[in-house]
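*Asks:* One structure, pasted below without further comment.
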Amino acid sequence: MLRVIRRTLLRITGAVAAFALLFGALIVWPDPFFAFSLGSGKIIVSSDRPIPSAGGERFLRDCERLLDRSPLKASGRQYRVYVTNEDWRHHLFFLPDPKAWGLAYGFGGTVFLSGADFEIGRVVHWGYVGTPPRTLASLCAHELTHIITWEHVGLARYRVPKWVWEGFADYVGIENRESFEELRDALGDRPVNIPMRMKFGFYPRYRLLVRFFIERKGWSVEQLLQTRLTEDEAADLMRADAER
């Protein structure tokens, strides 16, 4: 009986390992699933549907423009972004998080967006068309910032607090940056909900904390990525500063 259980466990382990290797190879080299590509500079975008030249070029320019203002500069020679318009491709490449609008795989250096309308520069997610400030270029810059941060911190990424990881990507990717005071006053004490995200971006409260430490406390991006403050501890420091 024990021998049968051991053999079964070995087979399951082998199957899981084989699937992980196959999925990893798919993430590192997804090109066979995307027939259309555009770009020859810092960013190459590939899609499972034709990419209109004008809209595609504008998307690449806008994404690069947002990345250029980041305090954390890209070290990679080139970055690849893949757009999964078809449902089955989305399910395949978004397997770890099917509800996400975008995913960045640090080990593969690849970014996937859930769908795109290049003509109007909008994300298309399960038929829903995103609205500013959550534009297609904004999502591209957000996810590529994750890859660039991966390059900078390596495996220490897993020690970076979520509010820093997502807030910094939102800080870079947001189309129209408001000041710390403007964002703080606009958000108030309300909990984050869908209407708030539609108006202020993907992670407005995380972005507010990042803005506080960069703009009000004068932190460098290295200090930000090295902090181990929890979200609550960071928020307490921000509130204490406001009360002075």
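The values are calculated or read from the model by the stated rules, or taken from the named source; none is laboratory data. Since the model is a prediction, treat every value here as computed from it, not as a measurement. Virtual Cβ from ideal backbone geometry, glycine too; neighbours counted across all protein chains shown. In case anyone asks, the SASA skips ligands and DNA or RNA and just uses the protein heavy atoms, side chains included. Shrake-Rupley method; radii C 1.70, N 1.55, O 1.52, S 1.80 Å.
*Asks:* Checking the structure you have, find out if any residue of segment 182-199 is out of contact with any Asp or Glu (no Cβ under 8 Å at 6 or more places or on another chain), β-branched (Val, Ile, Thr) and under 27 Å from Ser75 (Cα atoms).
*Replies:* Looking only at segment 182-199, we keep the residues that are out of contact with any Asp or Glu (no Cβ under 8 Å at 6 or more places or on another chain), and these are 182-185, 187-199.
Subset that is β-branched (Val, Ile, Thr): 192, 194.
When the remaining residues are screened for being under 27 Å from Ser75 (Cα atoms), the result is none.
Checked segment 182-199: no residue is out of contact with any Asp or Glu (no Cβ under 8 Å at 6 or more places or on another chain), β-branched (Val, Ile, Thr) and under 27 Å from Ser75 (Cα atoms).
*Asks:* Same structure again: Identify the residue in segment 44-77 that is among the hydroxyl-bearing types (Ser, Thr, Tyr) and surrounded by 19 or more Cβ atoms within 10 Å (Cβ to Cβ) and, among all such residues, is nearest to the chain's Cα centre (by Cα). If you could, list the steps in order and put the result at the bottom.
*Replies:* Taking segment 44-77 as the starting set, the residues that turn out to be among the hydroxyl-bearing types (Ser, Thr, Tyr) are 46-47, 53, 70, 75.
Narrowing further to those that are surrounded by 19 or more Cβ atoms within 10 Å (Cβ to Cβ): 46-47, 70.
Details: Ser46: 17, Ser47: 18, Ser70: 14 Å.
Checking each candidate, the answer is Ser70.
*Asks:* A further question on this structure: Out of everything in segment 136-170 that is among the hydroxyl-bearing types (Ser, Thr, Tyr) and at pLDDT 95 or above, what residue ends up being farthest from Arg89 (Cα to Cα)? Even if it seems obvious, please write down each step before you answer.
*Replies:* Step one: filter segment 136-170 for residues among the hydroxyl-bearing types (Ser, Thr, Tyr), giving 138, 145, 149, 158.
Adding the requirement that they be at pLDDT 95 or above leaves 138, 145, 149.
Numbers: Ser138: 22, Thr145: 23, Thr149: 26 Å.
My answer is Thr149.
*Asks:* Now for a different question. Keeping to segment 123-163, report how many residues are charged (D, E, K, R) and open to solvent by 30 Å² or more (accessible area, probe 1.4 Å).
*Replies:* Just the residues of segment 123-163 that are charged (D, E, K, R), to begin with: 134, 143, 151, 157, 159, 162.
Imposing the further condition that a residue be open to solvent by 30 Å² or more (accessible area, probe 1.4 Å) reduces the set to 151, 157, 159, 162.
The total comes to 4.
*Asks:* Which residue pairs have Cβ atoms under 8 Å apart, sit 6 or more places apart or on different chains, and have a first residue in segment 156-169 that is basic (Lys, Arg) and a second that is open to solvent by less than 30 Å² (accessible area, probe 1.4 Å)?
*Replies:* Between residues of segment 156-169 that are basic (Lys, Arg) and residues that are open to solvent by less than 30 Å² (accessible area, probe 1.4 Å), the close pairs are Arg157/Gly106; Arg157/Thr149; Arg157/Trp165.
*Asks:* Which one of Glu178, Glu166 is surrounded by fewer than 20 Cβ atoms within 10 Å (Cβ to Cβ) and of a type in the set (D, E, K, R)? Steps first, answer last, please.
*Replies:* Working: Glu166 fails: surrounded by fewer than 20 Cβ atoms within 10 Å (Cβ to Cβ).
Going through Glu178, Glu166 in turn, the sole match is Glu178.
*Asks:* I would also like to ask the following. So is Pro204 open to solvent by 10 Å² or more (accessible area, probe 1.4 Å) and either touching a residue at least 12 places away in the same chain (Cβ under 8 Å) or farther than 21 Å from Val45 by Cβ (or both) or not?
*Replies:* On the way: open to solvent by 10 Å² or more (accessible area, probe 1.4 Å): no; either touching a residue at least 12 places away in the same chain (Cβ under 8 Å) or farther than 21 Å from Val45 by Cβ (or both): yes.
No, not satisfied.
*Asks:* Looking at segment 224-244, which of the residues that are open to solvent by less than 90 Å² (accessible area, probe 1.4 Å) and of a type outside the set (A, V, I, L, M) is farthest from the chain's Cα centre (by Cα)?
*Replies:* Let us first name the residues in segment 224-244 that are open to solvent by less than 90 Å² (accessible area, probe 1.4 Å), namely 224-225, 227, 229-231, 233-238, 240-242.
Going one step further and asking which of them are of a type outside the set (A, V, I, L, M), we end up with 227, 230-231, 233, 236, 241.
Working: Thr227: 20, Thr230: 20, Glu231: 19, Glu233: 24, Asp236: 26, Asp241: 30 Å.
Restricting to residues being open to solvent by less than 90 Å² (accessible area, probe 1.4 Å) and of a type outside the set (A, V, I, L, M), the top hit is Asp241.
*Asks:* Considering only residues that are in contact with a helix residue (DSSP H, G or I) (Cβ under 6 Å, 6 or more places away or on another chain) and assigned to a strand (DSSP E or B), look in segment 36-55 and name the one that is farthest from Val111 (Cα to Cα).
*Replies:* Here the residue is Leu38.
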